[in-house]
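Any read-out appearing in this document is the output of simple, stated calculations on the displayed coordinates, not a laboratory observation. In this text the structure is predicted, and so the values were computed from the model without any measurement. Here the Cβ is made from the backbone with ideal geometry for all residues, glycine too, and neighbour counts use every protein chain on show.
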Amino acid sequence: MTSTPPTRTLLTALLTCLLVLFAGPTVHASVQDTGGKGRSTFGVQPSGPKKPDRRSDFSYSVTPGAAVWDHIAVLNHSARPLTLKVYASDAFNTTDGGFDLLAEGVRSKDAGSWIRTARSRVVIPARSRAVVPFTLTVPAGVAPGDHAAGLVASLASSRPDGKGDRVALEQRVGARVHIRVAGELKPGLAVQDVRATYHGTANPFGTGSATVSYTVRNTGNIRLGARGTVRFANSLSGPLRAPGVETIKELLPGNSVRVTATVRGLFPAVRSTATVNLDAIPVGGDIDPALPSATGSAGFWTVPWALLALLVLAAGLTVALVRRRRRRRPRGAAPGARGPGAGPRPPPDTAHPEQEP
């Protein structure tokens with residue numbers, strides 16, 4: 001008797017979690033059904049009590065202790081019924097600045113825990129939709145500022161892998177939920193952990209490149225974007241601006257993003273400096289005044305190893321030539337000795353003191 005291959009779980013949040021990253025108000029996902037029933041396509045959209053509306057996300061301005069009632073539409077575009085889970089989850093920034101949600105089963109501690117859907121699972125007929133009410137209850141003692149979450153519809157499925165095992169898949173789509181709690185707003189950005197490295201060249205008189213990486217952290221209580229510039233300088237090179245530094249579109253409070261930038265044409269001058277300047281930019285039409293800026297820098301070694309090697313080689317050749325010339329002198333010959341045929345040495349010019357009578 002043969003045993004059934006074990007089922008292995010595959011977390012697919014990065015592959016299938018689409019969180020309103022484009023302009024359209026509806027977010028869709030599709031997956032090929034391995035049971036031969038065709039492709040399953042479904043989506044989510046902010047909605048009124050009867051039908052979807054034109055909002056691109058859920059955005060609320062609330063006070064501590066407030067409650068909000070709203071709806072999300074879950075749409076089935078497939079030719080067969082679908083059973084979907086519906087739940088809320090905390091949002092966070094990925095390391096590259098993307099917007100993502102906690103994996104299913106991970107407990108939410110912020111805005112995701114404030115949302116309760118009327119149904120946790122819905123069965124939607126083919127080419128139909130279900131409108132699911134939900135309640136947002138803001139805790140009384142919550143900190144002011146921005147809090148982010150997502151409302152998710154997910155489909156569980158499975159497929160075989162190359163080893164014959166069944167791989168469990170979860171495909172998710174979600175709509176963003178942005179909540180601003182009334183109170184003192186404190187925008188803040190910080191540049192942290194700046195590290196720079198020089199990449200030299202084999203040309204003793206050439207230039208190399210330098211790479212800097214740094215962390216941008218939102219230290220305030222509202223979501224912000226950030227536009228940065230990176231410059232490198234030393235005693236031989238004026239400020240060189242690194243090209244292609246991407247603008248951070250949205251950074252949630254308390255979250256951080258790692259950024260890397262590279263510049264070419266930097267002369268090695270033993271010691272150089274990389275300086276990062278950041279300007280905050282508003283997100284989602286915010287008009288908060290006095291948006292902050294931030295600066296960070298790091299010194300790093302830019303040693304001209306190729307030039308030093310050339311100088312060492314030149315010094316070694318000079319020493320070798322001097323030693324060779326010394327070895328060619330006749331043995332016993334003192335410095336300044338005259339060779340054969342040089343003629344008599346002139347008498348020394350000596351003075352004769354007068355004798356006393």
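Placing R0 at 41 angstrom, the Cβ-Cβ distance between THR63 and GLU246 gives a FRET efficiency of 0.70 after rounding to 0.05. In a DSSP loop and with at most 16 other Cβ atoms within 10 Å, there are no chymotrypsin sites (Phe, Trp or Tyr not before Pro) in region 73-139. Highest-first packing order for the peptide set 70-77, 140-147 is 70-77, 140-147, based on the mean count of other beta carbon atoms within 10 Å.
Show me the ranking of peptides 317-323, 177-183 by mean Cβ neighbours inside 10 Å, starting with the highest. Each step should come with its number before you reach the end.
Details: 317-323: 9.9, 177-183: 19.7.
Result, highest mean Cβ count within 10 Å first: 177-183, 317-323.
Look at ASP90, ASP57 and count the other Cβ atoms within 10 Å of each Cβ; fewest to most, that gives ASP57, ASP90. Footprinting exposure proxy ranking of SER154, SER61, SER108, fewest other C-beta atoms within 10 angstrom first, gives SER61, SER108, SER154.
For PHE205, PHE267, PHE232, what's the fewest-to-most ordering of other Cβ within 10 Å of each Cβ? Could the numbers behind the result be given before it?
Numbers: PHE205 10, PHE267 17, PHE232 28.
Going from sparsest to densest Cβ surroundings: PHE205, PHE267, PHE232.
Ordering TYR60, ILE124, ALA182 by the projection of their Cα atoms onto the charge dipole of region 31-184, which places +1 on the Cβ of Lys and Arg and -1 on the Cβ of Asp and Glu, puts ILE124 at the extreme positive end.
Calculated FRET efficiency, LEU308 to THR273, Cβ-Cβ distance, R0 = 25 Å: about 0.75 to the nearest 0.05.
Straightening the chain between GLU184 and THR137 buys 14.9 nm, computed as 0.36 nm per residue apart minus the Cα-Cα spacing.
The simple Förster model, with R0 at 51 Å and r as the Cβ-Cβ distance, assigns LEU236 and ARG116 a FRET efficiency of 0.20.
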